[in-house]
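Asks: Handing you a structure now.
The values are calculated or read from the model by the stated rules, or taken from the named source; none is laboratory data. The structure displayed is predicted, hence computed values, not measured ones. Cβ: placed from backbone, ideal geometry, glycine included. Neighbour counts: every protein chain shown. Side chains included, ligands, DNA and RNA excluded: accessible areas come from the protein's heavy atoms. Shrake-Rupley method; radii C 1.70, N 1.55, O 1.52, S 1.80 Å.
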Amino acid sequence: MPGAAGRNGQDLSGDTSATEVDADYRVVVGEECFDWRSLTGSGLRDALDTLAELLQPLADGRTAAFMEPAYDTECRPSVALIDALYSPDGGLPHDERVRLQQLLNKCRRVEPDEADLPQPVRVADGPWREPSWGIAHALARAATGRAMSCLLVPYAMEPDWSSGWLTVTRTTEAGHDEVKVHVLRLPEDAPDFWRGLLIHEHVPAERFFTFTQDAFPLLLFADSLRLHHFKGTYADVLPWLVQLLGALNDHFIRTLADCGGDQKQVIRRFGALGLDISPESPNTKKNVKAWEQRKVHYDGGTYRCEWHGKRLWDRDRVHFSLPIPAYDDRILVGIFVGHLAT
């Protein structure tokens, strides 16, 4: 996943000097991803490529895991996954097989325990299904309060769960419980998971920037950002901040283009998303001192963060730039502040 210079695990709360990165896996590969029994020719190659594309940014030795029983999954007619992966007679194309081998070798392998025993689950009013070991394990970890995502590729027809955050009802010894879990089917689903993690776990301020490169891959973050510069408390600011950054990542560049640079239309479209953003006023631009406050140093350059989003009418601003061509038109988020001079 693309990242920005100077942000990797750096503490920007202004209170500690933590450099911890998130070292425990968050994504579990469901065995459903290895079911290629009905696929042949180009359809099989496409499926293997799809799985590899999903795994590529996650197979870093810490983010993704799969269950040891997956090796026994019948992935081709009468062929277990371990034989398909490591035998040239396993029925998988050579190049795709080697690539998948390499990616899975970079994922953690997890031995299931008692909490991972698959028990019937369902989403909403859907049918009860017995999950795979991978789904059951992701749900078990999510039940402890940890944000988890289960990787289920588009070609995995069962379960027919949509991508995104779902509430799953599990069968337990005590009856039933409800667990919130994320389903990852396409690469573009990934940022939604990391954003949800920030809220779901209420990630501490000193670790917020550990996740921003994955949650907001089209944004750049200045090294000078400090979360304690907001007037509101971190707990109050966090949901709004994640919503704003997500909307800037997903919509700002396209909205500018669609509106032909018409600032009022851009403001209205973000208003429809429940967000208040605007460019600086002509009076602010005429105020030399105030206009200088919008300049931000990033990666050896200086950029003007001439737009801002505000949480409340009188406090908490995020100042950001227009798209920067030198960084593939990414947006620089340059200032967190209660309020700048106008």
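Asks: Sort the range 118-159 into rounded, prolate or oblate with this rule: let a ≥ b ≥ c be the square roots of the eigenvalues of the Cα gyration tensor; rounded if a/c is under 1.5, and if a/c is not under 1.5, prolate when a/b is larger than b/c, oblate otherwise.
Replies: Taking the square roots of the gyration eigenvalues as a ≥ b ≥ c, the range 118-159 is oblate.
Asks: Can I ask one more? How far is helix 94-105 tilted, in degrees, relative to the longest principal axis of the Cα atoms in the chain, given as a value from 0 to 90 rounded to the nearest 10?
Replies: Once rounded, the angle reads 70 degrees.
Asks: Still on this structure, please answer the following. Given a 10 angstrom Cα cut-off, can you work out which residue in Pro112, Pro77, Pro217 is the most mobile in a GNM of the chain?
Replies: Of Pro112, Pro77, Pro217, the most mobile in the Gaussian network model is Pro77.
Asks: Which value, in Å² rounded to 10, gives the accessible area of Asp72 with a 1.4 Å probe and all protein chains present?
Replies: 120 Å²
Asks: Working only with C-alpha atoms, what are the Rg and Dmax values of the range 205-342, expressed in angstrom?
Replies: Just the Cα atoms of the range 205-342 yield Rg and Dmax of 14.1, 39 Å.
Asks: In nm, what is the difference between 0.36 nm times the number of residues separating Asp236 and Leu117 and their Cα-Cα distance?
Replies: Result: 39.0 nm gained on full extension.
Asks: A follow-up question, please. Kindly list the residues of the range 23-59 that lie in the label zone of Leu186, defined by a backbone N under 19 Å from the point 7 Å along the Cα-to-C-beta vector.
Replies: Hits in the range 23-59 for Leu186 at 19 Å: 33, 46-58.
Asks: Any chance you could run the full-extension gain for Leu312 through Arg109? It's 0.36 nm times the residue separation minus the Cα-Cα distance, nm to one decimal.
Replies: Here the segment from Leu312 to Arg109 would lengthen by 68.4 nm.
Asks: Hey, got the dipole for the range 96-229? About the Cα centre, +1 on K and R Cβ, -1 on D and E Cβ, debye to the nearest 20?
Replies: Rounded to the nearest 20 debye, it is 400 debye.
Asks: In the range 101-210, which GluC sites (Glu not before Pro) fall in coil by DSSP and have 11 or fewer other Cβ atoms within 10 Å?
Replies: Answer in residue order: Glu173.
Asks: Cα-based count: Lys pairs in the chain below 17 Å, eight or more positions apart or different chains?
Replies: 4
Asks: Given axes a ≥ b ≥ c from the Cα gyration tensor, I'd like to know whether the range 17-120 is rounded (a/c under 1.5), prolate (a/b larger than b/c) or oblate.
Replies: oblate
Asks: Something else about it: Would you compute, from DSSP H runs of 4+ residues alone, the mean residue ellipticity of the chain at 222 nm, taking -39500 (n - 2.57) per run and dividing by the full residue count, rounded to the nearest 500?
Replies: Rounded to the nearest 500, it is -8000 deg cm²/dmol.
Asks: Also, quick follow-up: So, for the range 246-324, what is the accessible surface per residue at a probe of 1.4 Å, expressed in square angstrom?
Replies: Here the residues of the range 246-324 average 53 Å² of exposed surface.
Asks: Using a 7 Å offset from the Cα along the Cα-to-Cβ direction at both Val288 and Leu39, what is the distance between the two label points in nm, to one decimal?
Replies: 6.4 nm
Asks: What angle do you read, to the nearest 10 degrees and between 0 and 90, between the alpha-carbon axis of helix 133-142 and the longest principal axis of the chain?
Replies: On a 0 to 90 degree scale, this one is about 40.
Asks: Pairs of alpha-carbon atoms within less than 8 angstrom and 6+ residues apart define the contacts here; what relative contact order does the chain have, in percent?
Replies: Across the chain, relative contact order equals 17 percent.
Asks: Here is a further query. If you build the convex hull over the alpha carbons only and average its shadow over all orientations, what do you get for the range 202-277? Give it in nm² to one decimal.
Replies: 5.6 nm²
Asks: Could you compute how much accessible surface Ile267 exposes when probed at 1.4 Å, giving the result in Å² to the nearest 10?
Replies: Here the accessible area works out near 60 Å².
Asks: Next question. Looking at the chain, send over the antiparallel percent of its DSSP beta bridges, to the nearest 5.
Replies: 70 percent
Asks: Between Asp60 and Thr171, what FRET efficiency comes out of the Förster formula 1/(1 + (r/R0)^6) with R0 = 51 Å and r the beta carbon distance, rounded to 0.05?
Replies: Given R0 = 51 Å and the Cβ-Cβ separation, E is 0.90.
Asks: Placing one identical point scatterer on every Cα of the chain and ignoring solvent, what is log10 I(q)/I(0) from the Debye formula at q = 0.11, 0.12, 0.15 Å⁻¹?
Replies: Cα-only, vacuum Debye calculation for the chain: -0.80, -0.92, -1.21.
Asks: For Leu273 and Glu53, compute 0.36 nm times the residue count separating them, minus their Cα-Cα distance, and round to one decimal in nm.
Replies: My answer for the length gained is 76.1 nm.
Asks: Once you charge only the Cβ atoms, +1 for Lys and Arg and -1 for Asp and Glu, what is the size of the charge dipole of the chain about its Cα centre, to the nearest 20 debye?
Replies: Approximately 1840 debye in magnitude.
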